[in-house]
Ligand SMILES: [Zn+2]
């Protein structure tokens, strides 16, 4: 199964992530005249893809400032086609499945393509890369971080056997991706919590969760003599208590 041209985010994705632009560069990126990733390595089964790997491309932003996204992606693909490091006739093409730059997600390979993202670990991995050198020169911008997280959720939904997110250097010795994977995991966990509360079947849970927060806020004001809203908070809580009494949910002592 090849990724469709128009990819859509999971329906419960937070709006600041689902607004990230997706550009499909697959039709325009150069491939090796001798072979493509698919003709070279066959087609991977989606059921075998358990791991999303985060990368950087190790090109400092200062060194790439003169290129627009598409031009830089083309240059990266061409340099991999030209390199003889992995094969005597060069790589098949762009080395990652998705590539992020200037807050935009670029689709750069089919998911089934076995590319060279992490040595000896390419049968089960999906490679998502952010442009920049985060081990030495650059800091992940908010918009690139956003796009990185959006890409994670965009791809994860295609992987029925998804198991884990890894940074490149957690699989083999390298400086890649350079940005803090502990922060990435923490951010993604809190996004996932928020998404679970946004799920339609969990609307009830979300309302209960929201009310818990509201109740604590009212309680803190109601018992604090220094709070200017103490009286109003007490009145509101007494209203809520009265509803509970009327319904038979609460019997005052
Ligand atoms: Zn890497």
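We did not get these values from a lab; they are worked out from the coordinates using the rules stated. Just so you know, these numbers come straight off a predicted model, no measurement behind them. For neighbour counting, all protein chains shown are included, and Cβ atoms are generated from backbone atoms with ideal geometry for every residue, glycine included.
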Taking the Cβ-Cβ separation of residue 161 and residue 214 as r and a Förster radius of 30 Å, what is the calculated FRET efficiency to the nearest 0.05? 0.15
Could you tell me how far the Cα centroid of the range 1-46 sits from the Cα centroid of the range 87-129, in Å? 10
Based on the alpha-carbon gyration tensor of the range 201-247 and its eigenvalue square roots a ≥ b ≥ c, which shape applies: rounded if a/c is under 1.5, prolate if not and a/b is larger than b/c, or oblate? oblate
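Please sort 211-219, 9-17 by packing, taking for each peptide the average over its residues of neighbouring beta carbons within 10 angstrom, highest first. Display every interim value, and only then the final one.
Values: 211-219: 12.0, 9-17: 15.0.
Most protected by this proxy first, the peptides run 9-17, 211-219.
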Once you sort the root eigenvalues of the Cα gyration tensor of the range 139-224 as a ≥ b ≥ c, which label holds: rounded (a/c under 1.5), prolate (a/b larger than b/c) or oblate (the other case)? prolate
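Once you have the alpha carbon radius of gyration of the chain, what is it after dividing by 2.2 N^0.38 Å, with N set to its residue count? Provide the component values of the computation, followed by the final result.
On the way: Rg = 24.4 Å, N = 253, 2.2 N^0.38 = 18.0 Å.
The value comes to 1.35.
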Label-point separation in nm, residue 19 to residue 204, each point 7 Å along Cα→Cβ: 3.3
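At a 10 Å Cβ-Cβ cut-off, how would you order 153, 209, fewest neighbours first?
Working: 153 20, 209 13.
Placing the least packed residue first, the sequence is 209, 153.
Could you please rank 176, 129, placing first whichever residue has the fewest other Cβ atoms within 10 Å of its Cβ?
On the way: 176 23, 129 28.
Going from least to most buried by this count: 176, 129.
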Just subtract the alpha-carbon distance of residue 192 and residue 250 from 0.36 nm times their residue separation and send over the number in nm, one decimal. 17.4 nm
Relative to the first principal axis of the alpha-carbon coordinates of the chain, what is the inclination of helix 203-222, with its axis defined by its Cα atoms, in degrees from 0 to 90 and to the nearest 10? 50
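Using mean Cβ contacts within 10 Å as the protection proxy, how do 34-47, 235-248 order, highest first? All intermediate terms of the calculation are to be shown ahead of the outcome.
Details: 34-47: 15.1, 235-248: 11.5.
The peptides rank, most packed first, as 34-47, 235-248.
Can you bin the range 38-113 into rounded, prolate or oblate? Criterion: square roots of the alpha carbon gyration tensor eigenvalues sorted a ≥ b ≥ c, rounded for a/c under 1.5, prolate for a/b above b/c, oblate for the rest.
Working: a/c = 2.23, a/b = 1.33, b/c = 1.68.
Oblate, since a/c reaches 1.5 and b/c is not below a/b.
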If one takes the longest principal axis of the Cα atoms in the chain, at what angle in degrees, from 0 to 90 and to the nearest 10, does the Cα axis of helix 69-82 lie? 40
